[in-house]
Amino acid sequence: MNISGQVWNNVVQINLDGRFDAATAPSVEQYIRDCIGRGLTHVVLNMANVQYIASAGLRVVLAMTKELRITHRGDLRVAALPESVSKVFELSGLFSVIRIFDDVPTATQSFFG
């Protein structure tokens, strides 16, 4: 899993590339925690290049969303889900819990509207 990020107008866009599973989930979680530590509490996960997501990845997305909302008055938005990953989110019931967008610009703009 390659993880990179960029900040735009106090929103951090985290780009994930690879498999989001038990081996890589701790790195993604730590990256998000590092962002929170720098005061960045509006997070967009760009998942356009995620080929696979396991329950460990879903757990990180859910846990970080809850922590950002409850503890930090922020939020995590998910953007650009590939079809196979989108189906996992849907079957897991996360569509009703996490705000999911078709693309990164729309997800980013959602923090300002």
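Does Thr71 fit the bill of being hydroxyl-bearing (Ser, Thr, Tyr), under 11 Å from the mean Cα position of the chain (by Cα) and modelled with pLDDT of 95 or more?
So Thr71 fails the test.
For the subset of the range 57-82 comprising residues that are over 17 Å from Ala23 (Cα atoms) and basic (Lys, Arg), which member is surrounded by the most Cβ atoms within 10 Å (Cβ to Cβ)?
Checked the range 57-82; the qualifying residue surrounded by the most Cβ atoms within 10 Å (Cβ to Cβ) is Arg77.
Which numbered condition trips up Thr65, out of (1) under 19 Å from Gln109 (Cβ atoms); (2) part of a strand (DSSP E or B)?
(2)
So, Ile32, is that one in a strand (DSSP E or B), surrounded by 14 or more Cβ atoms within 10 Å (Cβ to Cβ) and hydrophobic (A, V, I, L, M, F, W, C) or not?
Considered against the rule, which asks whether it is in a strand (DSSP E or B), surrounded by 14 or more Cβ atoms within 10 Å (Cβ to Cβ) and hydrophobic (A, V, I, L, M, F, W, C), Ile32 comes out as no.
When the residues of the range 41-56 are filtered to those that are under 16 Å from Glu67 (Cβ atoms), in contact with a Gly (Cβ under 9 Å, 6 or more places away or on another chain) and without any contact (Cβ under 8 Å) to a residue 40 or more places away in the chain, which remaining residue is surrounded by the most Cβ atoms within 10 Å (Cβ to Cβ)?
Going through the qualifying residues, I end up with Val43.
Pick from Val7, Val88, Val50: which is assigned to a helix (DSSP H, G or I) and β-branched (Val, Ile, Thr)?
Val88
Any residue at all in the range 45-56 that is among the β-branched types (Val, Ile, Thr), modelled with pLDDT of 95 or more and either under 15 Å from Phe20 (Cβ atoms) or within 13 Å of the chain's Cα centre (by Cα) (or both)?
yes
For Thr41, all conditions in the list (1) in contact with a strand residue (DSSP E or B) (Cβ under 6 Å, 6 or more places away or on another chain); (2) β-branched (Val, Ile, Thr); (3) more than 15 Å from Arg19 (Cα to Cα) hold save one; what is the number of the exception?
Exception for Thr41: condition (1).
Any idea which residue in the range 74-88 is nearest to Met64 (Cα to Cα), counting only those that are more than 12 Å from the chain's Cα centre (by Cα) and not acidic (Asp, Glu)?
Of everything passing the filter in the range 74-88, Gly74 is nearest to Met64 (Cα to Cα).
The values are calculated or read from the model by the stated rules, or taken from the named source; none is laboratory data. Being a predicted model, the structure only gives us computed values, none of them experimental. A quick note on method: Cβ atoms are made from the backbone with ideal geometry, for glycine too, and the neighbour counts reach across all protein chains shown.
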